[in-house]
Amino acid sequence: MMSSSRIIFITLFLLVLTTTKRAEAARTFLVFGDSLVDSGNNNYLPTTARADSPPYGIDYPTHTPTGRFSNGFNLPDLISKHIGSEPTLPYLSPQLTGQKLLIGANFASAGIGILNDTGFQFVGILRMFQQFALFEQYQSRLSAEVGAAQAKSVVNGALMLMTLGGNDFVNNYFLTPVSARSRQFTVPQYCRYLISEYRKILLRLYELGGRRVLVTGTGPLGCVPAQLATRSRNGECVAELQEAAQIFNPLLVEMTRDINSQVGSEVFVAVNAFQMNMNFITDPQRFGFVTSKIACCGQGRFNGIGLCTAASNLCPNRDTYAFWDPYHPSQRALGFIVQDIFSGTSDIMTPMNLSTIMAIDSNIPY
């Protein structure tokens with residue numbers, strides 16, 4: 001028989017363990033950006049950039065479209081799962097009320113870019129200044145719920161994700177053979193201009209309370225099925241888009257380092273999405289995919305033409321395709337990216353991965 005004092009000790013230990021797990025799970029998660037991270041805000045907006053009809057969501061628990069540009073969960077959902085939290089709701093969702101504000105919010109909107117002229121063809125989308133205006137509104141609502149001091153603490157202690165840049169290339173500079181931006185800038189000049197504008201966005205997020213922000217670089221833009229379908233001769237990645245991404249991404253890492261030095265803290269963490277995607281694009285079989293060139297849902301060459309709709313070709317097993325639609329990775333492919341975000345070395349997570357961030361931040365009182 002155990003003594004009563006030992007039983008009390010074990011009970012207290014389990015209570016502390018449970019409380020610690022709950023505290024870790026309670027970290028607020030705030031998401032900004034484009035279609036790679038939009039969880040359904042565009043469902044509520046007057047735009048064609050939407051994923052609210054089948055077969056989107058075919059592998060989501062409800063098997064229905066949610067507004068995510070995925071066959072199931074998207075990148076923020078999988079990060080939420082890894083940090084032990086519920087998926088964040090779209091900020092425009094009427095369900096985001098009361099204590100749910102403490103879980104966080106997703107402000108992302110498909111079609112947007114760093115620049116306000118990116119995605120003009122999608123009309124009523126939430127550009128970054130609008131996402132930040134909604135973030136300020138979120139903070140006011142959170143203050144009303146938990147008090148101003150606690151709201152500030154929640155925001156400062158939140159994990160944030162910022163995903164921008166891809167649309168500035170595919171839905172702006174390279175949208176047409178000769179675009180307004182391509183007449184204005186060479187590709188290297190354009191990349192430097194994007195970085196200068198992105199810097200302003202990240203500094204504004206810092207002003208608004210962001211203290212731990214994952215900033216994803218652009219993926220391998222020339223390897224997505226949409227580009228293979230329209231610009232590739234034999235299925236090889238499109239050189240000019242690949243080169244643009246490879247100019248942009250190192251500049252992004254340099255810029256985040258510079259801001260961190262300026263603010264005196266490792267606030268911004270650069271995520272090498274290019275390399276994370278290239279791992280399974282260059283060797284799909286090693287990751288259990290039958291193809292990294294053909295989208296699961298689409299039509300035409302590489303299923304890369306047009307939109308994913310109920311009339312599109314649809315693969316029977318989404319887990320064997322690296323790309324779900326002409327632009328977006330499948331849920332399973334995103335799982336490999338999240339593994340890298342959590343455990344990647346400093347060449348793909350600069351200056352540190354998310355496991356390290358979570359360990360360090362568990363000891364920081366906000």
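Data for the structure
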quantity: Inter-residue pairs, beta-carbon under 6 Å, first at positive phi and in the stretch 301-323, second loosely packed, with under 15 Cβ neighbours inside 10 Å, 6+ apart; calculated: 303/313
quantity: Tabulated pairs, the stretch 91-107, first more than 22 Å from residue 34 (Cβ to Cβ), second at pLDDT below 95 and assigned to a loop (DSSP other than H, G, I, E, B), C-beta under 8 angstrom, 6+ apart or interchain; calculated: 102/26
quantity: In the stretch 74-91, the residues that are assigned to a loop (DSSP other than H, G, I, E, B) and either buried (at least 24 other Cβ atoms within 10 Å of the Cβ) or charged (D, E, K, R) (or both); calculated: 74, 86, 88, 91
quantity: Helices (runs of 4 or more DSSP H) enclosed by the stretch 176-282 - at least 3 residues per element that are open to solvent by less than 10 Å² (accessible area, probe 1.4 Å) and on the phi < 0 side of the Ramachandran plot; calculated: 187-207, 225-231, 239-263
quantity: Matching option when the condition is assigned to a loop (DSSP other than H, G, I, E, B), open to solvent by less than 10 Å² (accessible area, probe 1.4 Å), at negative phi and modelled with pLDDT of 95 or more, among 39, 35; calculated: 39
quantity: Qualifying residue in the stretch 165-175 (condition: in contact (Cβ under 8 Å) with a residue 12 or more places away in the chain, within 14 Å of residue 210 (Cα to Cα) and buried (at least 23 other Cβ atoms within 10 Å of the Cβ)); calculated: no
quantity: Filtered residue count, the stretch 125-153, keeping only those that are assigned to a helix (DSSP H, G or I) and open to solvent by 20 Å² or more (accessible area, probe 1.4 Å); calculated: 18
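The values are calculated or read from the model by the stated rules, or taken from the named source; none is laboratory data. Keep in mind the model is a prediction, meaning the values are calculated, not measured. Positions of Cβ are backbone-derived with ideal geometry, glycine not excepted, and every protein chain shown enters the neighbour counts. These area figures cover heavy atoms from the full protein model, side chains too; ligands, DNA and RNA do not enter into them. Shrake-Rupley method; radii C 1.70, N 1.55, O 1.52, S 1.80 Å.
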